[in-house]
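First the structure, in the form of structure tokens, and then the observations on it.
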Amino acid sequence: MATEERRSGPDGVETVDADDVDAADILGSAIERREDPSLLTGDAEYTDDIQLPDSAHAAILRSQYAHARIEGIDTSEAEAMDDVVDVFTAEDIDVPGNLPTAWDLDTLRTVDHPVLAEDRIRYQGDALAVVVAEERYQAHDAVDRIDVDYDRLEAVTDPETALDDDAPVVHEEEGTNTAFDWEIGDADETDAAFAEADHAVGIDVTNQLLIPNAMEPRAAIADYDDSDDELTLHMTTQNPHVHRLLLSGVIDHPEHKLRVRAPDVGGGFGSKIHHYADEALVALAAKRAERPVKWQATRTETYLTDAQGRGHETHAELAVDDDGTIRGLRVDTAANMGAYLSTFAPAVPTYLYGTLLSGQYDIPAIHCEVSGVFTNVPPVDAYRGAGRPEASFVVERIVKEAADAIGMDPTELRRHNFPDPDEFPHATPVAMEYDSGDYDKTLDRALDLVDYDEFRERQERAREEGRYIGVGLSCYIEACGLAPSELVGELGAGAGLWESGLVRFTPSGTVKAAVGTSGHGQGHDTTYAQVVANELGVDYDDVDVDEGDTDALPQGMGTYGSRSAAVGGSALVQSARKVVDKARKIAAHQLEADPIDVEFEDGEFYVAGAPDRSMGVQDVALEAYLAHDIPDDIEPGLEATTFFDPDNFVFPFGTHVAVVEVDPDTGEIEFEDYVAVDDVGNQINPKIVEGQIHGGVAQGVGQALYEGAEYDENGQLVTGSMQDYTVPKAEHIPDMETDSTTTPSPVNPLGVKGVGEAGTIAAPQAVVNAVVDALEPFGVEDIDMPLTNERVWRAAHGNGGDS
Amino acid sequence: MEFDGTVSIEGVTMDEVWLALSDPVMIKQALPGCQFLVEVEEGDVDFDALAASAPDEDPPTLPEASPEDIAERAFVEGGRYAALMEISVGSVSPSFETVVTIEEREFPHMYAGGEGSASNSSFEMSSWMDLVETEDGVDVEWGAEADVFGRVAQMGQRVINPVANRVVGRFFDSVESQISDVSTDDSSGLRDRVSGLF
Amino acid sequence: MERDITLTVNGTEHELSVEPRTLLIHALRDEMGYTGPNVGCESSTCGTCTVHVDGKAVKACTELAVRAEGSEITTIEALNEDGELHPLQESFQEEHGLQCGYCTPGMVMTAAEFLEEEPDPDREEIREALEGNLCRCTGYQNIVNAVETGAEKMRTETAADGGTVEGGD
């Protein structure tokens, strides 16, 4: 098993210019990103930058209330305004207009989710009417002139209250707020494990609702050509093909006459996966107006409508013996689903959560029950990590509590329960089979970097001086690279999760690669070009990558679940290898050799034993297109497409350690150190990997210390702007020390595991564990996130962590 | 959200404060951004019509007005009043079409409930007021409970609290100065006439 | 209702009609086609809209277009000269100081102004200087690295020129 260690302090991995890297070394090099010059000079093209001739602007009326009956909507004043092109409500549209849920569960209550609310409002982001006007401001002015007669209803926003008998019911026709009941694992075995274990430790944890906060608000421009019924949608999407498929049903437009294109996309973090009402409304508006229509959400609109993340209330119990052996884990979670079931929502608190509850540990028995609950908040769906941060938080918090309860060092308890590196693939009692791992290695490295042994002595001395420092660990596991279509189909997915990749030589020997993923900041153009250049042995600059356009390649599933490199990258590898195989036959023909005798290395075909009889792959490309002299059984041209469908997920892992100092008098938390040691398998571009870890950790620290969507008792979002919802600033995030080990994944040809979500999954519990450790002398065992100064102060003063 | 407070007014009597705070005209003038405040019948309120028919100039209030006239137009228990209130909140200035019902009115206690709606925001509120005699005047103890909805609510308490404080502060400043006029202007035996009303 | 104004952007004069309420960012983007600066929050918090007005970093989402009349406005589009990236743009690329790039034009413009004032800042000063520019992708570390590296490049350039760096303004 290859192991390579990279260490980096604040300065991080050093980059190199791609021009200075030999073709043979391009894979694995920390090259600069080719997307950056355009992003750095203002040349980038985000959706709202696109200005089509004769464009009109749309604005969407949202609800004043989180829960209400609609008695009437009067649009007459808006319609009468100068420069208003169109105003429409639910009664004006004659398409299905119902947003689908693409994941099913046995007990799932699927509910209608109309693109325009008809008679009932279920959350503040519900759309009531669309205005199309000549200019942006006029559209918003007109929205303000629409008069809605509401009958306000009581609202409910937290999942536990929503399960009370007297709670307001979000979907009246269902008669209950339970969206589903789901379980995994073996209840009887888990009961038995608890009966036999020396101890049982219980915790209650809240994983608060978060707003994803991509810096670019969602936007769409629809352009409709009546003469041939072609509809083009430029939009902020992480998965154009998925959007095309779903949208074609929602607005009843034939899929082959629909093009969805993602221009530059300014971050997503999950929030641009889902099919929202808005893109359908913009498409309908363009068809009605027969001219291009543009819409961009205001920030407040994104806060009211973007699918939020997390939202769990969990009680967990761990059965553990005196010697630290974990015997069993029992978990009961109420998961907030929001007002409707968003695109992949049912999968998030179930198959992306319950299946990860074994963490890095060998736990013989696990049982997990989850109730998905409708409430009057925006639909809750995937946000960076999606289910896996919630699982890791439960596991890593309860493992720390268990260590404290039995008086064992938390590192030792963890280590005691790791499976050995030779026990992989490792099956868990919650349906996963971990591909590969070496958990001691990342833990050792992280402890070494923070000088853990010395820390405990330092902590003792600090406490004597009245200073409170603490260390928090997070040994996380995640499943990503989503992944095997057959398996996800069995679990309820309404889609396959393969990925397609096309590799095409031009006659002059340059290469076009196209992938069905859709990057939005991850540097895919750079990494995919590294992958393809390496496979074909051509110059990195000779490879161009296309993504994010349903017209650019056959099909695709998009970017989420840290899947792009593992699944999309692998599709490109397979296509490149198919291209090489075909080129080998043509080269053999030209070299008058048997293909079996023709070797391929660094872009050159040569006859084994006679290296001077050789031909470059780029020359072969020309021959393939000239087709003057190619084998009879070979078609002209040189390209291949692969639909790569791996056999398993990939399972990155690592250890993150936070070291903090807490001032019990003010509740302030200062980072002394933050160390991240991750094993994401082979790394295509270590600088991009580092950036993903940094950004992921920042969002995890944000959850731990600052962020949370808050609603008042009427379901009104009170953190409705960036002045009220704390997106961490530069001064909030510590310098991190990142390091990695490399345990390649056996499930894909690149040996990569995926890195997009690792930091977000790992960080929150490292920070919370550190703060709880620091405040141990005050008897503090738990504080709810976000750990605001007030909550920390209260906890230190014996008022509990709940505010 | 909840607000409450106590405003102390020196050199005035309970009766004077009660009368002043019972006068819809004075309340209208004291409320910042209030375009009109008139009694209305049960049923839907046509704010456009009320705005059109609102007098350009208000009738006189204390001390110019006669206490008897004020008693005549004073709030009554069960009375329903409509007001148009323009309030600047952050970058927006919604005009709230507001309907208030005086639920309880018994000297020295008043309780009112109401709701207001603007294009993209609305509120529901109940408020109460008690007068308490002090050594050198009267304390007005007041409280309000409000639910805010829509665009204004999204701005959060960070924005709403200062606005509420500003409205309440200006209101009582204005009330205080008008009542002070009553107590200093005793030329016509106004104080006696006011106290004689109760 | 509309007013005719003249705005000087990146050295070019533009005549346009705007409403008194039109924000500078919308005038730049919708009326004049300078789509480098972006709209992120409409509340002066995120800084994606940052441009220079008379050399000072200003959030164009809370500045009225009419108030910018007579001023010299510089957007990210003019930071690089003659096809050469500004030292800060170079350093952002070298350090991977960006991912999705949406915050980047504002981030770079804020940093450029800051380095005019403070050519040799420490990491903490850089973090403070960027408090009005939010990034959701990078976790800021490589942005801080980029500003440090950019500062070094600019100091070297200044020393070589024997004068002050104009930063392309």
In the same structural domain as residue A:441 (by TED's automatic domain parsing), over 30 Å from residue A:268 (Cα atoms), touching a residue at least 60 places away in the same chain (Cβ under 8 Å) and buried (at least 24 other Cβ atoms within 10 Å of the Cβ) - does that describe any residue in segment A:406-417? yes
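For segment C:100-123, name all the residues that are touching a His at 6+ places or on another chain (Cβ under 9 Å) and in a loop (DSSP other than H, G, I, E, B). Before you say what the answer is, go through the steps one by one.
Step one: of segment C:100-123, the residues touching a His at 6+ places or on another chain (Cβ under 9 Å) are C:100, C:108-109, C:112-113.
The answer is C:100, and nothing else.
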If I go through segment A:574-608 residue by residue, how many of them are open to solvent by 10 Å² or more (accessible area, probe 1.4 Å), under 30 Å from residue A:645 (Cβ atoms) and assigned to a strand (DSSP E or B)? 3
Conditions first: (1) open to solvent by 10 Å² or more (accessible area, probe 1.4 Å); (2) in contact with a Gly (Cβ under 7 Å, 6 or more places away or on another chain); (3) assigned to a helix (DSSP H, G or I). Residue A:571 passes all but one, so which condition is the exception? (1)
Would you check if residue A:359 is buried (at least 24 other Cβ atoms within 10 Å of the Cβ) and more than 14 Å from chain C (Cβ to nearest Cβ)? yes
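Conditions (1) open to solvent by less than 10 Å² (accessible area, probe 1.4 Å); (2) within 14 Å of chain B (Cβ to nearest Cβ); (3) within 26 Å of residue A:208 (Cβ to Cβ); (4) part of a loop (DSSP other than H, G, I, E, B), marked per residue:
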{"residue": "A:654", "(1), (2), (3), (4)": "yes, no, yes, no"}
{"residue": "A:670", "(1), (2), (3), (4)": "no, no, yes, no"}
{"residue": "A:678", "(1), (2), (3), (4)": "yes, no, yes, no"}
{"residue": "A:683", "(1), (2), (3), (4)": "no, no, no, yes"}
{"residue": "A:687", "(1), (2), (3), (4)": "yes, no, no, no"}
{"residue": "A:727", "(1), (2), (3), (4)": "yes, no, yes, yes"}
{"residue": "A:743", "(1), (2), (3), (4)": "yes, no, no, yes"}
{"residue": "A:748", "(1), (2), (3), (4)": "no, no, no, yes"}
As an exercise: evaluate residue A:441 against (1) modelled with pLDDT of 95 or more; (2) closer than 29 Å to residue A:564 by Cα; (3) open to solvent by less than 20 Å² (accessible area, probe 1.4 Å) and give the number of the one condition it does not meet. (3)
Quick check on segment A:751-798: of everything there that is surrounded by 24 or more Cβ atoms within 10 Å (Cβ to Cβ) and over 27 Å from residue A:209 (Cβ atoms), which residue is nearest to the chain's Cα centre (by Cα)? A:753
All-but-one check, residue C:7 against (1) outside the structural domain of residue C:133 (by TED's automatic domain parsing); (2) over 14 Å from the mean Cα position of the chain (by Cα); (3) open to solvent by 10 Å² or more (accessible area, probe 1.4 Å), failing number (3)
Condition first: within 23 Å of residue B:121 (Cβ to Cβ), of a type outside the set (Asp, Glu) and in a loop (DSSP other than H, G, I, E, B). Can you find one or more residues in segment B:48-69 that meet it? yes
Checking residue C:58 against (1) within 11 Å of another protein chain (Cβ to nearest Cβ); (2) of a type in the set (Val, Ile, Thr); (3) touching a strand residue (DSSP E or B) at 6+ places or on another chain (Cβ under 7 Å), only one condition comes out false. Which one? (1)
Quick count over segment C:17-38, residues being facing another protein chain (nearest Cβ under 10 Å), in contact (Cβ under 8 Å) with a residue 40 or more places away in the chain, assigned to a loop (DSSP other than H, G, I, E, B) and open to solvent by 10 Å² or more (accessible area, probe 1.4 Å), is 3
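Suppose the filter is among the hydrophobic types (A, V, I, L, M, F, W, C), within 14 Å of chain A (Cβ to nearest Cβ), more than 15 Å from the chain's Cα centre (by Cα) and buried (at least 23 other Cβ atoms within 10 Å of the Cβ); does residue C:65 pass it? Quick ask: steps written out before the conclusion?
Values: among the hydrophobic types (A, V, I, L, M, F, W, C): yes; within 14 Å of chain A (Cβ to nearest Cβ): yes; more than 15 Å from the chain's Cα centre (by Cα): yes; buried (at least 23 other Cβ atoms within 10 Å of the Cβ): yes.
Judged against the criteria, residue C:65 is a match.
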Could you list, ordered by first residue, the pairs with Cβ atoms under 9 Å in which the first is in segment A:664-682 and touching a residue at least 60 places away in the same chain (Cβ under 8 Å) and the second is of a type in the set (Phe, Trp, Tyr) and open to solvent by 30 Å² or more (accessible area, probe 1.4 Å), at least 6 apart or interchain? A:664/A:468; A:664/A:778; A:664/A:793; A:665/A:793; A:666/A:793; A:667/A:793; A:668/A:793
Hey, could you check segment B:137-167 for residues that are open to solvent by 40 Å² or more (accessible area, probe 1.4 Å) and modelled with pLDDT under 90 and say which is nearest to residue A:305 (Cα to Cα)? B:151
Could you say whether any residue in segment A:616-635 is in a helix (DSSP H, G or I) and of a type in the set (Asp, Glu)? yes
Out of segment A:30-55, which residues are open to solvent by less than 20 Å² (accessible area, probe 1.4 Å) and either closer than 30 Å to residue B:122 by Cα or part of a loop (DSSP other than H, G, I, E, B) (or both)? A:30, A:33, A:41, A:42, A:44, A:50
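When only residues in segment C:71-89 that are assigned to a strand (DSSP E or B) and modelled with pLDDT of 95 or more count, which is least open to solvent (accessible area, probe 1.4 Å)?
So the first thing to find is which residues in segment C:71-89 are assigned to a strand (DSSP E or B), and the list is C:72-74, C:81, C:84.
Then keep just the ones that are modelled with pLDDT of 95 or more; that gives C:72-74.
Working: C:72: 100, C:73: 1, C:74: 17 Å².
Going through the qualifying residues, I end up with C:73.
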Which of the following residues is touching a strand residue (DSSP E or B) at 6+ places or on another chain (Cβ under 6 Å) and in a loop (DSSP other than H, G, I, E, B): A:474, A:508, A:500, A:518? A:518
For residue B:96, work out the one condition from (1) touching a Lys or Arg at 6+ places or on another chain (Cβ under 7 Å); (2) within 14 Å of residue B:34 (Cα to Cα); (3) among the aromatic types (Phe, Trp, Tyr) it doesn't fulfil. (1)
Does any residue of segment C:82-103 turn out to be under 14 Å from the mean Cα position of the chain (by Cα), within 9 Å of another protein chain (Cβ to nearest Cβ) and at positive phi? yes
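Going through segment A:243-269 one residue at a time, which ones are open to solvent by less than 10 Å² (accessible area, probe 1.4 Å), not hydrophobic (A, V, I, L, M, F, W, C) and not in a helix (DSSP H, G or I)?
Matches in segment A:243-269: A:253, A:266, A:267, A:268.
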Given (1) modelled with pLDDT under 90; (2) open to solvent by less than 20 Å² (accessible area, probe 1.4 Å); (3) part of a strand (DSSP E or B), residue B:12 misses just (3)
Say whether the condition of being within 14 Å of another protein chain (Cβ to nearest Cβ) and among the hydrophobic types (A, V, I, L, M, F, W, C) is met by at least one residue in segment A:311-320. no
Under the condition of being farther than 30 Å from residue A:300 by Cβ and among the aromatic types (Phe, Trp, Tyr), which residue from segment B:118-147 is nearest to the other protein chains (Cβ to nearest Cβ)? B:128
Among the residues of segment A:18-27, the number that are surrounded by 16 or more Cβ atoms within 10 Å (Cβ to Cβ) and away from every other protein chain (no Cβ under 13 Å) is 4
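Yes or no: segment A:136-144 includes at least one residue that is of a type outside the set (Phe, Trp, Tyr) and assigned to a loop (DSSP other than H, G, I, E, B). Talk me through it step by step, then tell me what you get.
Taking segment A:136-144 as the starting set, the residues that turn out to be of a type outside the set (Phe, Trp, Tyr) are A:136, A:138-144.
From what is left, the residues that are assigned to a loop (DSSP other than H, G, I, E, B) are none.
No, because not a single residue in segment A:136-144 is of a type outside the set (Phe, Trp, Tyr) and assigned to a loop (DSSP other than H, G, I, E, B).
The values are calculated or read from the model by the stated rules, or taken from the named source; none is laboratory data. Values in this document were obtained by computation on a predicted structure and should not be read as measured data. Glycine also receives a Cβ, built like all others from the backbone with ideal geometry; neighbour counts cover every protein chain displayed. Areas reflect the complete protein model, heavy atoms only, side chains present, ligands, DNA and RNA absent. Shrake-Rupley method; radii C 1.70, N 1.55, O 1.52, S 1.80 Å.
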